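FYI, it's all coordinate maths here, none of it is from the lab. Since this is a predicted model, take the numbers as computed values, not measurements. For neighbour counting, all protein chains shown are included, and Cβ atoms are generated from backbone atoms with ideal geometry for every residue, glycine included.
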Amino acid sequence: AQSVSQHNHHVILSEAASLELGCNYSYGGTVNLFWYVQYPGQHLQLLLKYFSGDPLVKGIKGFEAEFIKSKFSFNLRKPSVQWSDTAEYFCAVDPTGGGNKLTFGTGTQLKVEL
Amino acid sequence: GAGVSQSPSNKVTEKGKDVELRCDPISGHTALYWYRQRLGQGLEFLIYFQGNSAPDKSGLPSDRFSAERTGESVSTLTIQRTQQEDSAVYLCASSLADTVLWYTFGSGTRLTVV
């Protein structure tokens, strides 16, 4: 079945460590790709999105993601995490490349320790 | 309003009872979406409203689920004869245009069916 996979369910890092969260999807054709973040007690917020152009996308708070079409991947990265990055991170795909519904991964819970 | 408002924030109900969840979108947002997040799973699309067009109900899991929206205002999601598997966080999002690129999410309603 078509899906979005986030292989890391729980990640624990120390402050200043580098972060990479994996996201793979199984849709062919044109897609729009997103990372959302949910900080404790807050609503889902858009971190970054890709829909065309440069496959390396920069988002808020120093996050970036790289779209690799051949690998059907859109991994999220941050060179140096902070305690305030503790949150749940969701990868999402618009499988029609211009539609109105998102398919989400199961999320990755990130805990950053001091 | 400034954001997407959902109420109640928490709801505990007995199995078999009906519940109504409310979403108040950002003023001027023509599109409104309902998603569900069950424990350990990603967000699942439920239903989508765009202006006065017929809603896209393709994600509703059973005929116990229904939703209404009058024009571009408040939406209510109704679950009849609740079951334990209905326990989840129900999220509403609205967008200015008919596209996932502009979603704003609410904080959700946590429904627990006991």
Of everything in the stretch A:72-111, what is under 15 Å from the mean Cα position of the chain (by Cα) and at the interface with chain B (Cβ under 9 Å from one of its Cβ atoms)? Give them in sequence order.
A:Phe90, A:Cys91, A:Ala92, A:Asp94, A:Leu102, A:Thr103, A:Phe104, A:Gly105, A:Thr106, A:Gly107
Which one of B:Ser94, B:Ser73, B:Ser107 is assigned to a strand (DSSP E or B), of a type in the set (Gly, Ala, Ser) and out of contact with any Lys or Arg (no Cβ under 6 Å at 6 or more places or on another chain)?
B:Ser94
Only one of (1) in contact with a Ser or Thr (Cβ under 6 Å, 6 or more places away or on another chain); (2) hydrophobic (A, V, I, L, M, F, W, C); (3) within 14 Å of another protein chain (Cβ to nearest Cβ) fails for A:Ala16. Which number is that?
(3)
Positions within the stretch B:37-63 being touching a residue at least 40 places away in the same chain (Cβ under 8 Å) and part of a loop (DSSP other than H, G, I, E, B), in sequence order:
B:Arg38, B:Leu39
The stretch A:1-51, residues that are β-branched (Val, Ile, Thr), surrounded by fewer than 20 Cβ atoms within 10 Å (Cβ to Cβ) and out of contact with any Asp or Glu (no Cβ under 8 Å at 6 or more places or on another chain)
A:Val11, A:Thr30
Tell me yes or no: at least one residue of the stretch A:40-61 is under 13 Å from the mean Cα position of the chain (by Cα), part of a loop (DSSP other than H, G, I, E, B), under 30 Å from A:Ser14 (Cβ atoms) and hydrophobic (A, V, I, L, M, F, W, C).
yes
Filter the stretch A:36-67 down to the residues that are among the aromatic types (Phe, Trp, Tyr) and within 17 Å of B:Leu101 (Cα to Cα) and list them by number.
A:Tyr36, A:Tyr50, A:Phe51, A:Phe67
Boolean, B:Ser66 is over 14 Å from B:Gly108 (Cβ atoms) and not in a strand (DSSP E or B):
no
Considering only residues of the stretch B:96-114 that are surrounded by 21 or more Cβ atoms within 10 Å (Cβ to Cβ) and more than 8 Å from chain A (Cβ to nearest Cβ), which is nearest to B:Pro61 (Cα to Cα)?
B:Leu111
